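To keep things clear, I will list the structure first and then write my remarks on it.
Only the coordinates and a few stated rules stand behind these numbers; no lab work does. Given the structure is predicted, the values throughout are model-derived calculations rather than measurements. Note that each Cβ is placed from the backbone with ideal geometry, even for glycine, and that neighbours are counted across all protein chains shown.
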Amino acid sequence: MNTSCCFEEVVVGRRIIDWLLVLVLVLAVLAGCSSEQKGPAVSSAGGQGRLKGQIVAPLDGVTLFVYKPGTDLYGPAFAISPPTGPDGAFDLELPDGDYVAVARKHKDGTAVGPIVAGDNRSEFLKVTVKGGTVEMTVIAPVKVGDQRRLSGDVAASKTGLAGRIVDSDGKPVEGARVHVYDHVQMSERPKFVSEKTGPDGRYQVPLPAGGTYYLAARDKFGGPPKLGDLYGRYDQGTIEPSAVVVKEGELLKDVNITVTKVW
């Protein structure tokens with residue numbers, strides 16, 4: 001009797017052990033399937049690279065702007081580096097792809113706007129990021145005597161334009177610029193650009209000589225106006241922009257421009 005009971009206990013014990021082994025195997029298989037399902041998600045987080053290097057001439061306080069090819073190279077950038085320190089180093093993490101990079105530094109400390117004499121800007125540089133690190137040295141020379149983007153004191157040249165930029169209600173617009181063209185189509189880059197307007201909406205544009213000019217005002221620089229931008233042309237109720245004739249040595253005042261939002 002005691003022998004039979006012991007035999008039954010051994011059989012039951014073995015069955016329990018067998019069931020435990022089966023359970024362990026099932027859990028192991030499930031864990032393996034789970035890890036396989038998570039594998040692709042980990043690998044999809046890749047495709048990242050780095051763009052790093054040094055900006056020279058100057059070194060300090062330069063920003064690297066990175067754009068996608070085909071986008072407005074004067075508009076919002078895809079990625080922007082912090083201003084460089086004394087060593088001129090920059091380091092950006094970017095998804096794999098093709099990019100166009102340009103280094104800029106405004107002498108007045110602003111982050112955007114046209115490059116004028118005394119500012120620094122590199123050439124537009126094509127770069128491809130594909131995993132790993134892409135290192136590059138960027139040269140950003142000082143712009144000297146660029147009258148295409150002339151701005152400053154009108155009194156110095158004694159020839160120029162002045163007026164106000166206002167909205168459709170006649171209120172002054174702050175932070176806008178006047179772009180001056182020498183042809184009615186206004187399809188190329190402006191020849192001259194004013195500084196940004198202050199709270200009173202007033203602007204001044206010095207000109208190297210008298211002539212016939214066409215004016216537009218906007219709050220963004222570079223590329224065609226986009227939805228939400230403020231834009232307006234100087235006209236006198238005509239379909240085409242009105243010509244502004246400036247005489248040599250004349251500061252033509254009260255050339256006011258109304259801007260509205262682009263829809």
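Observations on the structure shown:
- Subset of Lys107/Lys253; Lys196/Lys261; Lys52/Lys105; Lys68/Lys105; Lys143/Lys191 violating a 24 Å alpha-carbon distance limit: Lys107/Lys253
- Size of electric dipole in the range 48-139: Cβ of Lys, Arg +1 and of Asp, Glu -1, about Cα centre, debye, nearest 20: 100 debye
- Gyration tensor over alpha-carbon atoms, the range 211-253, equivalent ellipsoid semi-axes in Å: 24, 13, 8
- Highest-first packing order for the peptide set 191-197, 124-130 is 191-197, 124-130, based on the mean count of other beta carbon atoms within 10 Å.
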